[in-house]
Structures are given as structure tokens and as C-alpha cells.
Amino acid sequence: MTEESGTSLTSTYSELYISAGESEGVNSQHEVIQLERTSNMKTFHDDAINCCKIFKILLPGRKTPSRSVLTEGIAGIGKTFSVRKFALDWARGLENQDIDLLVPFSFRELNLVRDKQYNLLNLIHDFHPTLKKVTAEQLASWKVCFIFDGLDESRFPLYFQNNGIVFDVTVTSSVDALLTNLIKGNLLPSALLWITTRPAAANQIPPACVDMVTEVRGFTDPQKEKYFRKRFSEEKLADRVLSHLKTSRTLHIMCYIPLFCWIIATVLLDMLRTHTTIGQLPKTLTKMCCHFLLVQTNRKKQKYDETHDVKKKEQEKGTQQQLMKTDKDVLLNLGKLAFKHLEKSSIMFYQEDLEECGLDVKDASLYSGVCTQIFKRECVLFQKTVYSFVHLSIQEFLAAVYLMHCFTQKNMEVLKTFLEDDCNYYSFSSLSAFLKAAMEKSLKSKNGHLDLLVRFLHGLSLESNQSLLGGLLGQKKNSPEEIQKAIQNLKEMLTDDDSPDRCINIFHCLMEMNDHSLHQEIQQYLKSENRTEKLSEIQCSALAVMLQMSEEVLEELDLDKYNTSVTGRCRLVPAVRNCRKARLVGCQLRKTDVEVVASALSSNPSHLRELDLSKNDLQDSGLVELLCASLKSPHCRLEVLKLVGCKLRKTDVEVVASALSSNPSHLRELDLSENDLQDSGLVELLCASLKSPHCRLEVLKLAHCGLSERCCEALASAVNSNPSLRELDLSLNMVNDSVLENCKN
């Protein structure tokens, strides 16, 4: 964060949360989407820890603290702040004085030596000249802590399987081999290791090499308020700004990112200095980024004018700010750089990357406002310079600016590269066709890595945002009819059967285009006491989005209570993410719907406590397995599961039985009634799980399952060996009274 933010490293940093004993998989979805899904979770099941205590935490079942820790967090959330806080407190003698030597590395610096041969001792000496006197013997005998910051910026292959074994700190090898052997514990096995990364890059480290996974979740609501009150010293003004931010769901969510708080505060401070009223302040992400671009380029112009003793002219109120032509060239080339590297998930660049996009480093340095506030320069090892955008969202915004410029200028080569196989003859014929093709491409991405780019494209289609950027996008006025066509396309995409889980971004695109019609329709529906009106599929998708975005957790989602079609009910399924009880009975659930339910069960945190999937045909291979894998997640807190009449097969019962004996298992009630379980082997498998010490089941219902006497005998044995089981329903089975007498209940 910049000095201008007025925050100090020693006073402001984000807390860490223990999320799991081992990494259980990577959330590769777009980071803003992850943030939007978890922002309404006011309480967390995980424990907050001070970053300086990270190597002192004892996880359940372990007798010693963790040697290796992986800390995840989205861009700008505070990962680097956390490790710097740790290092600063150690250097000042305040914390972790049992550590003899702290050796920090950043991957953006390590990238500069990725093709060189080193031994670990010389690598430390070259990166930290003040440690030249440290010997191999000292490294072996001291308690050493290594910090590797920014794994997501790594350009190393990290060949954990193929690299040779290195035990000695004086043995020379590739830097990649040094890193993998240090992480695996072959090299300095007693050394502490702390790695930070964005979530999508976490899978580069094998789970077996990580003792503890932590997460940085950014500012809490009180921290956000404290930050803005510090930036806006006048109490009434701070109140108005905080109130304004709450009117925009998107901006309110983005404020969980400390660095984005600085971006927003920078824009609002500048606008309010010109006596802009609160009602005129940006409410959309696109407009906020447009103003941020203007603030920084105008600052650069002011600094340039002051340097040359040019008398500043007072700007007239209401006059539209215009970008200088030189600014446009730099910004478009920066946009080209941003766009080119976006699909590579690359957020840091070297001189050769800039030159490939027409950016002359010497010329770019003249535009200090742009380069220091939008595009950062950092001098690292051997006086090499690396570059990055101030935040990932700014990179995505400039990529969208460049792409929209290419559309208005009919740069077919870039557009065809972007749309790939989705390109056809009408893709560039109109704005609505282009936006539709871009959205269709983003919907095909499983992790949604283009979601924010497409959101910005829709926002930039508005004349109000285009005029803010002057001629940066090219002169092309879109008719109101064309804008309405683009809006209608978005609404129709809300019913896309292949992407029911991606509707949130479509909904946000509508917000960026200032279309609130669906939002208003659903609000009226929710306020209505008489909900007999039939909901369209589009309205169901919108309702599901709004229920997910609500700050209040829905007590019960019962799809039977909504007057809509079968398809409409399926469009409501994603709302399970923000409810405690979900009744999805007889809804003809598809595989995509089951995937949504499974992700809701394993999300962090998960609100679901009761789930009823009865009368859905789940015999499609893998569906029940998918559900039960989520039941084993450490984040799952499901207590009641009903799978009545779901046509379960042998393999399905096997995975259900496995979930019952998982650790931890929170299930208290399981209803498998009306499934053909007459195969005695299946019931015996179920009974074996009931005998597991991890099983906490209290109610088991197996009515009308075609159970034989042999099956019931096995159940009787399981009941007697399970102290928690208090209710067993065997009605409508061929059960002998003597068998029931053997049951304790």
C-alpha cells in the first residue's frame, strides 16, 4: 500500500485463518467471484491467528507445530503485508526470537536466476549480501526460517518428481531443484518454511509437503470503517462515504481487499475536492476504475506542469476531464500488455514483456503518475526492474479498455485471437454481438478467469463511461437500441443450462450497464405477501443470485414453494450456498445442479445443515460420489441428509458409507428409504461404517428398502455397537420381531 494511504505496516495487517491441516484442493475460480461468495459470511468456523504465531500453532492430532505453512489469499488482500510484519517484528526483537536466521525470498526476484546454477549457501549470499559471513555449518545448526513470497508469480517449473535429490547446502544444482528439495524437506529438513500464493497457484506445491494451510481474508467490516475514517478525517464526510459504499454491493465487497480500499479512497477524495455530491459518486466497478484512471493521469499532468513552471488553470466545475494524447498511447500499450498476459495468469512483467507491447521503459518512466500509481516499478536483485499493475482488477480493466478499443477500431486480428473458435461472421458486426460472443467465451471457462474482463467490457459500452475516458476507446456512439439488445442478451443468458452457477457475473454485468429492472422485479416479489405469480426462468436465475448475495442467511430454501417450471426450479439451486435448510425434492436435478450443491457443502464456510434430495434420480455415475466427497470436506457441517427414492446403486451406497466414517463426520440423520438395498453386502458395508468411532449418526431410516432378515441382523449388531444411534426405521421391510428385539431401541 502506498504512503498516501496513511497506513503503517506495524499497525495494519490482515489476520490469518487456519483453514485446513493439509491443502485439499485449489479454488481456481476468479478471485473476485470467490470474494463475492464469501463476503456475506459474517462468521467463520476457522480460528483467527496472529501472523507472528504461525509457527507456534498446534493442529489437532499433532504434537509439534508445523514446519511448512502455505498461506493463500487473493491479489492485494495482504499476504505480503503479513510476511513483512512477521519479518519486521522478528528483526526488532519482538517476536519469534527462537529463530536464529530469517531468509526472505520473493519469486519475482528468484525468476531472474531461474536459468542459473547455484548452491543454497551462495543463493542466500547473492540475494542477501549482509549474510555473506553465514557458513554451511551455521545453516545446519541454526534454526532457520525461509519465506517464499508470491508463488503465483513464479516462472519455475517446480519439478517435484523429476528433480534430483539435494541434501547438502554446498551442492550446486538448478535453482528449481534447490526450491523443490527445500520444500520437500530433503535440504535443511529442520528449517521452517512459509510460502504465500494466490489460490489458483497453490496446486504447484504437493499437499504432502504442506503441514498447514492458512488464508488471508482481508479487512473485516470494522477494519474497513477504520480505514475510511482515517482517510476522510471529517466525521460527516466519512459517514456519507461509508453509506455510499454500502449502496453498491460490488464496491462494498471489493473493500475487503485493503489495496482496493486505497483505490476507492483515492477516487472519492479527488472527486469530493471538486464538490461532487455523494449521489454523483461511482456505484459500479467500471465507473470507479474509469475515475481512478483519470485521477492518476491528471496527477501526472499536474506534476509535469509544476516541474516546468507552467501556470495551472482552474478546471471549471462539470467540465469533462480529457486524457492527453501521450497518455492514451501509454495506456493503450499498457492495456495490450494487460490483455496479452491475462490468460496466462501473469501479473508481473519484465522489460522484454513491455517492449513486446510497444512500451519503451525510458519513455514510460516520464509518465510517473501512470507508472507509480497504475503500473508499479520495483527494483529487485542485481538492480533489475520488474513491473506490475497496482492490482489485478486494474490489469483486467485496462485489458478491457484495450479490447474495447480494438472493437471500435475493428482490429480483427486481436478480436479473432480473443474469441478463438467462438468467432463467426456476426461477432464484430455490432456491439451487442461482440459482447454476446465475449460472454459466451467467458461462460465456457470453468474457473471464470475472464469474468471480470467481460464485466468491464459491458460497463465500457455505456456512453457515460466512454466519455469519461475521452477518445481512449475510439469514437463510436452506440444507439440506445443496441444497448438494450446487449441487455436482453444478458437476460437470456441467465437461463443457460450449461452454466447455472455463473449467473452471478451475468447479473453483475447488468448492474454495470445500469440495468436494475430484474433486481427491482425480484425485490417486489420478495416483498409481496401473495407469491402466486409464476416466475419465469430468467426471474428464477435472478432470484437465485440475489439470495446468494444477501447478507442474511436464508433459513430454508424449499423449491416446492416457488411457482415456476421444473427448469425454473433448477435455476434456483445455486441459492443453496446461502441457506441452512434446502429441500430440492423431485426437481429432476441435473449433473450441473448436483455439482453446485456439492460445492455449497464444501465451501468455506458452509451454511447447509439439512439437505433433502429425495425423489431425484441420482443413479448417474459419479453424482452421489461427488456429494459424498463434499461431505468429507473439513468445512462441511451437514447434519441431515435425505436421499429417499433416489435409485441408489451399489457404488453409491459404498461412498455414503465411507462418508459416514470420515473424520470429522457431522451427519446426525440419514434417510435412505425407498432405495433397493436388498443386497446384504451393501447393508453390511453400511453397518461397518456405523461401527466406526468417527460415526455420530443418531437417526437412520431404511424404510421400504427390500431388506432381508440377514440384513436386519447386521443392522442390529451395528445398532448395539454404536452409542450415538437412537432411532432406526426398518418399516416396510421383511423384518423378524426377534431381530428387532436384538436392537437396543
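The values are calculated or read from the model by the stated rules, or taken from the named source; none is laboratory data. Source: prediction; values computed, not measured. Cβ sites come from the backbone with ideal geometry, for glycine too, and all protein chains shown count toward neighbours.
Whenever a residue of segment 275-291 is under 24 Å from TYR402 (Cβ atoms) and at pLDDT 85 or above, its partners that are assigned to a helix (DSSP H, G or I) and acidic (Asp, Glu), lying with C-beta atoms within less than 7 angstrom and at least six residues away or across chains, give the pairs THR284/GLU512; LEU285/GLU512; THR286/GLU512.
Out of LEU494, LEU572, LEU535, LEU557, one residue alone is over 26 Å from the mean Cα position of the chain (by Cα) and among the hydrophobic types (A, V, I, L, M, F, W, C). It is LEU535. Restricting attention to segment 193-208, does a residue exist that is at pLDDT 90 or above, part of a loop (DSSP other than H, G, I, E, B) and under 26 Å from SER68 (Cβ atoms)? So far as segment 193-208 goes, yes, one or more of its residues are at pLDDT 90 or above, part of a loop (DSSP other than H, G, I, E, B) and under 26 Å from SER68 (Cβ atoms).
Just to be sure before I move on: is ILE483 part of a helix (DSSP H, G or I) and under 20 Å from LYS287 (Cβ atoms) in the structure I sent? Spelling it out, ILE483 is indeed part of a helix (DSSP H, G or I) and under 20 Å from LYS287 (Cβ atoms).
Residues in segment 553-584 that are of a type outside the set (D, E, K, R), within 17 Å of LEU638 (Cα to Cα) and surrounded by fewer than 21 Cβ atoms within 10 Å (Cβ to Cβ): how many? Residues that pass the stated criteria total 2.
Among the residues of segment 544-577, those that are among the polar types (S, T, N, Q), closer than 20 Å to GLN524 by Cα and touching a residue at least 60 places away in the same chain (Cβ under 8 Å) comprise GLN548, SER550.
Taking the conditions exactly as written (modelled with pLDDT under 75 and under 25 Å from the mean Cα position of the chain (by Cα)), does GLN383 satisfy them or not?
Criteria not met by GLN383.
A single member of LEU237, LEU272, LEU179, LEU242 is modelled with pLDDT of 90 or more, more than 24 Å from THR71 (Cα to Cα) and not in a loop (DSSP other than H, G, I, E, B), and it is LEU242.
Based on what the data block shows, is LEU120 more than 27 Å from GLY76 (Cβ to Cβ), surrounded by 18 or more Cβ atoms within 10 Å (Cβ to Cβ), modelled with pLDDT of 95 or more and under 33 Å from the mean Cα position of the chain (by Cα)?
Answer is no for this residue.
If the condition is being of a type in the set (A, V, I, L, M), buried (at least 23 other Cβ atoms within 10 Å of the Cβ) and part of a loop (DSSP other than H, G, I, E, B), then segment 65-100 contributes ILE74, ILE77. Given (1) surrounded by 18 or more Cβ atoms within 10 Å (Cβ to Cβ); (2) at pLDDT below 90; (3) more than 22 Å from the chain's Cα centre (by Cα), where does GLN29 come up short, assuming only one miss? For GLN29, the exception is condition (3).
Against the list (1) at pLDDT 90 or above; (2) surrounded by 15 or more Cβ atoms within 10 Å (Cβ to Cβ), the condition LEU251 fails is (1). The set of residues from segment 697-716 being part of a loop (DSSP other than H, G, I, E, B) and surrounded by fewer than 19 Cβ atoms within 10 Å (Cβ to Cβ) comprises GLU698, ALA703, HIS704, GLY706, SER708.
Can you tell me how many residues within segment 519-560 are among the hydrophobic types (A, V, I, L, M, F, W, C) and outside any helix (DSSP H, G or I)? Spell out the reasoning first.
Of the residues in segment 519-560, the ones among the hydrophobic types (A, V, I, L, M, F, W, C) are 522, 526, 535, 538, 540, 542-547, 549, 553-554, 557, 559.
From what's left, outside any helix (DSSP H, G or I): 535, 553-554, 557.
Within segment 519-560, residues that are among the hydrophobic types (A, V, I, L, M, F, W, C) and outside any helix (DSSP H, G or I) number 4.
If you check LYS632, LYS647, LYS691 for being among the charged types (D, E, K, R) and closer than 26 Å to LEU554 by Cβ, only one passes: LYS632.
Of the set (1) over 18 Å from VAL210 (Cβ atoms); (2) part of a helix (DSSP H, G or I), all apply to ASP152 but (1). Set side by side, the residues ILE205, ILE264 differ, and just one is under 27 Å from the mean Cα position of the chain (by Cα) and under 30 Å from PHE105 (Cβ atoms), which is ILE205.
The one condition from (1) in contact with a Ser or Thr (Cβ under 7 Å, 6 or more places away or on another chain); (2) closer than 30 Å to ASP239 by Cβ; (3) assigned to a helix (DSSP H, G or I) that PHE219 does not meet is (3).
Residue by residue, here is whether (1) in the same structural domain as LEU392 (by TED's automatic domain parsing); (2) within 27 Å of ALA200 (Cα to Cα); (3) touching a residue at least 12 places away in the same chain (Cβ under 8 Å); (4) of a type in the set (Ser, Thr, Tyr) holds:
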{"site": "MET439", "(1), (2), (3), (4)": "yes, yes, yes, no"}
{"site": "LEU452", "(1), (2), (3), (4)": "yes, yes, yes, no"}
{"site": "ARG502", "(1), (2), (3), (4)": "no, yes, yes, no"}
{"site": "GLU512", "(1), (2), (3), (4)": "no, yes, yes, no"}
{"site": "LYS527", "(1), (2), (3), (4)": "no, no, no, no"}
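Within segment 674-696, is even one residue crowded, with 20+ Cβ neighbours inside 10 Å, touching an Asp or Glu at 6+ places or on another chain (Cβ under 9 Å) and of a type outside the set (A, V, I, L, M, F, W, C)? Looking through segment 674-696, at least one residue is crowded, with 20+ Cβ neighbours inside 10 Å, touching an Asp or Glu at 6+ places or on another chain (Cβ under 9 Å) and of a type outside the set (A, V, I, L, M, F, W, C).
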